[in-house]
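For reference, the structure discussed in these notes is given below.
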Ligand code: SF4
Ligand code: SF4
């Protein structure tokens, strides 16, 4: 059976205020928050962005969603988890301070920010799943205590997953630190010595201080590396390589299985929103300069994150007139969708409903 995916079309560079108003009308007209009941504690998961200069979902959308949840009697809060790498989002205190500096304070969104994985990212619950890589996954513990979930994701390219949207936001973004480590465990880059110019750029960007410069090339200390991929994205000399054959499939499988675990906590009580504007080659975690790779497309909403990501991907490629491999990274990027359907987690078959 086809899953309904609602589509609000945007003109290129359309104002967020206009798009947000259309999203509000869609949610009301289709009663998309009907799963949220009186007093339901509702986690609204998003990504606060790495810097104001980059692509991320702007706070006004969260304000509108929070108000819509409250109007149903729900009790919403904004939530995130700590990053694996050191930086301004690696613990609850710095992450919340960063979110405020990005404009996500209570005054702007009407929702408090509560981290789902505790002060240091290590508060987790074990969720049983029927996966192939895992029989259980480690999810941020607070989510298990909530009644409903709304996930608001920014569609971007991604150097290991191919693209990041709802599945990635659920799988990686709602995992505890251990869950994230498990997903990244095989994604380790290597330096190609003969290509390395010893320029030092990767050293500057590595969040783990895992790279040192030797006489003839950079060197990665595998034990410190968390597989974040900043070095790959920043090297201008193509001197950083991943073994994608062993990596992309493994990472995407693990992301999907973690996403499935998170969704299993909210049967009939979740909604997924993908924002397809300011689409960049790299995900919103990457700290380097924003590079828009496709025209703005709009906003897609669905109850099935698999159908939503499938529809989002296909719209990006159709609108840009290029494959995602041409727009971002040349890796098998559909794997996460196909694998999710294989696990019967969701459906890649969808009906696109323009609103
Ligand atoms: S950025 Fe690339 S070329 Fe420069 S030191 Fe690092 S690996 Fe070598
Ligand atoms: S992937 Fe590269 S930038 Fe990231 S931690 Fe490993 S060495 Fe550092």
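Brief remarks on what is shown
- Given (1) within 16 Å of ligand 1 (Cβ to nearest atom); (2) in a loop (DSSP other than H, G, I, E, B), number of the condition residue 226 does not satisfy: (1)
- Qualifying residue in the range 196-214 (condition: over 25 Å from the mean Cα position of the chain (by Cα), crowded, with 20+ Cβ neighbours inside 10 Å and either under 30 Å from residue 129 (Cα atoms) or away from ligand 2 (no atom under 12 Å from the Cβ) (or both)): yes
- Condition met for residue 272 (touching a strand residue (DSSP E or B) at 6+ places or on another chain (Cβ under 8 Å), at pLDDT 85 or above, in a loop (DSSP other than H, G, I, E, B) and closer than 30 Å to residue 38 by Cβ): no
- Being outside the structural domain of residue 311 (by TED's automatic domain parsing), away from ligand 1 (no atom under 14 Å from the Cβ), touching a residue at least 24 places away in the same chain (Cβ under 8 Å) and more than 17 Å from residue 286 (Cβ to Cβ) is not true of residue 218.
- Failed item, numbered, when residue 238 is tested on (1) in contact (Cβ under 8 Å) with a residue 60 or more places away in the chain; (2) within 16 Å of ligand 1 (Cβ to nearest atom): (1)
- Top-ranked residue in the range 1-24 [being loosely packed, with under 14 Cβ neighbours inside 10 Å and touching a residue at least 60 places away in the same chain (Cβ under 8 Å); ranked as farthest from residue 314 (Cα to Cα)]: 13
- Inclusion of residue 55 among residues that are under 28 Å from residue 145 (Cβ atoms) and outside the structural domain of residue 207 (by TED's automatic domain parsing) is not warranted.
The values are calculated or read from the model by the stated rules, or taken from the named source; none is laboratory data. The model shown is predicted, which means the values in this text are computed figures rather than measured ones. All Cβ positions, even for glycine, are placed from backbone atoms using ideal geometry, and neighbour counts span all protein chains on display.
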